[in-house]
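*Asks:* Have a look at this one before I ask anything.
The values are calculated or read from the model by the stated rules, or taken from the named source; none is laboratory data. What you see is a predicted model; the values in this text were computed from it and never measured. Backbone-built Cβ (ideal geometry, glycine too); neighbour counts: all protein chains shown.
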Amino acid sequence: LNTARSLADTLQTVADGIVTGLGYELGCVNLVRPDGDLVIAAFAGNAAAEALITGRVGSRDSWERRLSMGEAWDQLRFIPHTEGWVLLDDDVPQWHTEGPEPRFEDEWHPLDRLYAPMYASG
């Protein structure tokens with residue numbers, strides 16, 4: 001992270017760290033725009049998806065709905081696939097793999113979502 005020079009580089013380093021450092025298949029960082037909506041500022045884990053999704057915008061209302069759903073895991077918000085299907089048609093840009101169904105109850109499903117909201121500006 002210390003080598004990142006611009007905001008874009010810093011956010012991409014964070015997205016890359018989600019994938020390489022934490023072991024998630026995909027990682028995404030959204031940034032709040034002046035109008036309150038959120039733009040995908042960085043994406044990691046799939047170069048084709050990155051090209052398609054980076055720069056796309058989701059409404060603040062849709063994001064607030066997502067962050068009020070699911071289970072609170074301390075500062076994180078987990079939405080299991082059993083609840084998240086209602087989000088498939090909202091305006092938040094999303095990408096997921098068609099990966100295999102979990103073999104065990106505690107494994108991730110391709111449509112599970114985990115959010116780590118950060119509300120402070122600095």
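*Asks:* Which one of the conditions (1) free of Cβ contacts under 8 Å to residues at least 60 places away in the same chain; (2) under 16 Å from A15 (Cα atoms) does S59 fail to meet, given that it meets all the rest?
*Replies:* Looking at each condition in turn, S59 falls short on (2).
*Asks:* Identify the residue in the stretch 1-34 that is assigned to a loop (DSSP other than H, G, I, E, B) and either surrounded by 15 or more Cβ atoms within 10 Å (Cβ to Cβ) or of a type in the set (S, T, Y) (or both) and, among all such residues, is modelled with the lowest pLDDT.
*Replies:* T3
*Asks:* Could you list, in sequence order, all residues of the stretch 40-52 that are hydrophobic (A, V, I, L, M, F, W, C), over 11 Å from the mean Cα position of the chain (by Cα) and closer than 18 Å to R113 by Cα?
*Replies:* Once the filter is applied, which keeps residues that are hydrophobic (A, V, I, L, M, F, W, C), over 11 Å from the mean Cα position of the chain (by Cα) and closer than 18 Å to R113 by Cα, the stretch 40-52 yields only A49.
*Asks:* Evaluate the stretch 35-58: report whether one residue or more is polar (S, T, N, Q) and either surrounded by fewer than 12 Cβ atoms within 10 Å (Cβ to Cβ) or in a helix (DSSP H, G or I) (or both).
*Replies:* no
*Asks:* Would you be able to tell me the number of residues in the stretch 70-122 that are in contact with a His (Cβ under 6 Å, 6 or more places away or on another chain) and either assigned to a helix (DSSP H, G or I) or more than 20 Å from A44 (Cα to Cα) (or both)?
*Replies:* 2
*Asks:* Does E98 meet the test of being under 22 Å from V19 (Cβ atoms), without any contact (Cβ under 8 Å) to a residue 24 or more places away in the chain and over 12 Å from the mean Cα position of the chain (by Cα)?
*Replies:* Working: under 22 Å from V19 (Cβ atoms): yes; without any contact (Cβ under 8 Å) to a residue 24 or more places away in the chain: yes; over 12 Å from the mean Cα position of the chain (by Cα): yes.
When the stated conditions are applied, E98 passes them.
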